[in-house]
Amino acid sequence: MDSPRKRRTSPTIADVAELAGVSRAIASRALSRESRPVSADKRARVLQAAEKLGFKPNLLARSLTTKTVNLIAVIVNHIHDFSDLDLFDLLIGEIQSIGKQVIIVRVGTVERAEEFLRNGVAYHVDAALVFSDFADAETVRRMFRNDDVLMLNGMHDEVSPSIVPDETIGIAEAVADAASKGVATAALVTGRLSSPVEQNRIAAFKGEMQRHGIELVAEFRGDYSYASGRHMAQSPDWPDVDAVFCSSDAMAMGVMDVHRDAFPQNQPRRFRLYGFDNLSLTDFEAYPISSIGYDKKVYVGEILRFLNSPGGFANDKSLVNVPTFFVPRATS
């Protein structure tokens with residue numbers, strides 16, 4: 001019979017090894033998420049023993065051995081955009097699948113990024129993923145005292161690589177769709193000019209409109225949010241145009257709600273409407289907005305490739321482009 005002390009103590013790797021009939025080293029390798037040599041028979045015995053005993057690895061002890069903390073920092077401006085929620089749900093799940101956890105650092109403004117740098121960030125992380133366009137690569141490396149920084153906003157440098165959607169492909173397809181339907185005039189609803197990605201997106205829209213002979217009548221500046229889309233659509237300067245191109249689906253949703261009378265049975269009567277991000281919400285009847293998207297699984301797969309081998313990723317290519325595509329729906 002077990003002693004009361006042993007019954008109160010959590011099972012250890014030694015207990016698992018003893019029950020499986022292997023050494024502690026073999027048991028440790030069998031339970032590791034990393035690819036480490038151990039026979040299939042021994043791995044199966046170790047996993048069965050761990051399950052029977054209810055063994056849970058000591059992540060702190062493992063971090064001391066592997067020199068990692070299994071924490072990934074995700075740097076964002078904010079997380080109220082619908083596009084963030086679609087992507088982060090998938091991203092966090094995939095990061096957890098490789099045995100790591102996420103801490104989200106909300107920057108919000110350029111001043112906050114500088115504040116973080118002055119005060120120092122009290123986190124030791126294995127890597128940082130930067131979505132915020134308020135924090136450049138060098139600043140983030142200094143914040144975390146770590147060179148394993150991946151830029152998801154296009155602001156990479158010679159040290160930190162980047163992954164961004166190749167938006168020119170999807171934008172070209174969307175504008176070509178509008179031109180094929182007789183669109184001659186258009187308005188552009190965009191986000192912050194401080195973002196290099198947004199600057200390239202605006203330039204791509206304007207270039208394609210010019211190529212197809214579509215006159216850009218008006219341009220409105222928002223912040224990607226639903227509220228800013230509504231606000232701009234309520235402007236007394238809102239133009240009478242054939243099409244409205246928005247650089248986020250959330251802003252397009254705001255535009256659509258203000259001008260619901262322009263979409264009887266969700267069909268365009270006064271103007272055609274195009275969004276960006278291909279949100280899951282656009283698959284529902286309430287917002288069947290034609291949009292530009294990319295394969296988020298491919299995008300997240302590239303991020304995981306970086307997390308699994310930061311050095312190899314950077315040596316392979318400093319900038320990785322994930323192609324975008326046009327998704328036609330009722331509003332166009």
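Nothing in this text is a laboratory measurement; each read-out follows from the coordinates by a stated rule. Small disclaimer: the values here were computed from a predicted structure and weren't measured. Every residue, glycine as well, gets a Cβ built from its backbone with ideal geometry; the counts of neighbours run over all protein chains shown.
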Can you return the aspartates and glutamates within cross-link range of residue 52? Criterion is Cα-Cα under 20 Å, with same-chain partners fewer than 8 residues away left out.
2, 15, 18, 41
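Rounded to the nearest 5, what % of DSSP beta bridges with both residues in the chain are antiparallel? Can you show the working numbers first?
Numbers: 4 of 37 bridges.
That works out to approximately 10 percent antiparallel.
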Sort segment 145-293 into rounded, prolate or oblate with this rule: let a ≥ b ≥ c be the square roots of the eigenvalues of the Cα gyration tensor; rounded if a/c is under 1.5, and if a/c is not under 1.5, prolate when a/b is larger than b/c, oblate otherwise.
prolate
Given contacts defined as C-alpha pairs under 8 Å and at least six residues apart, what's the relative contact order of segment 259-332, whole-number percent?
41 percent
Given backbone amide H placed at 1.01 Å from N, residues whose amide H is under 5 Å from that of residue 103, ignoring those fewer than 5 places away on the same chain, are 72, 73, 74
Roughly speaking, what is the stretch gain from residue 211 to residue 295, that is 0.36 nm per residue apart minus the C-alpha to C-alpha distance, in nm to one decimal?
27.6 nm
Work out the charge dipole of the chain with +1 on the Cβ of Lys and Arg and -1 on the Cβ of Asp and Glu about the Cα centre, then indicate which of 196, 262, 124 is farthest towards its positive end.
124
Ordered by number, the trypsin sites (Lys or Arg not before Pro) in segment 262-332 that occupy a DSSP loop and have at most 15 other Cβ atoms within 10 Å are 269, 270, 317
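For segment 225-330, run through the chymotrypsin sites (Phe, Trp or Tyr not before Pro) and keep only the ones in DSSP coil with at most 10 other Cβ atoms within 10 Å of their Cβ. Write out the running numbers ahead of the final one.
Values: sites: 226, 245, 271, 274, 276, 284, 294, 299, 306, 313, 325, 326; in loops: 271, 276, 284.
In loop regions of segment 225-330 (DSSP not H, G, I, E or B), the sparsely surrounded chymotrypsin sites (Phe, Trp or Tyr not before Pro) are 284.
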Put a dot 7 Å past each Cα toward the Cβ at residue 102 and residue 53; how far apart are the dots in nm?
3.3 nm
Computed over the chain, the Cα gyration tensor eigenvalues, each multiplied by 5 and square-rooted, give semi-axes in Å (largest first) of 48, 22, 18
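Using a Förster distance of 41 angstrom, determine the FRET efficiency expected from the C-beta separation of residue 23 and residue 123, and round it to 0.05.
Values: r = 35 Å, r/R0 = 0.86.
E between residue 23 and residue 123, to the nearest 0.05, is 0.70.
How big is Rg to Rh over segment 210-332, alpha-carbon atoms, Rh as the Kirkwood inverse-mean-distance radius? Could the numbers behind the result be given before it?
Values: Rg = 17.5 Å, Rh = 16.1 Å.
Here Rg/Rh amounts to 1.09.
List the GluC sites (Glu not before Pro) in segment 181-244 that DSSP assigns to loop (not H, G, I, E or B) and whose Cβ has at most 13 other Cβ atoms within 10 Å. Which are they? All intermediate terms of the calculation are to be shown ahead of the outcome.
Working: sites: 198, 208, 215, 219; in loops: none.
Of the GluC sites (Glu not before Pro), not one in the loops of segment 181-244 has a Cβ with at most 13 other Cβ atoms within 10 Å.
Stretch residue 309-residue 181 to full length: gain in nm at 0.36 nm per residue minus the Cα-Cα span?
Details: separation 128, 0.36 × 128 = 46.08 nm, distance 4.66 nm.
Fully extending the segment from residue 309 to residue 181 adds 41.4 nm.
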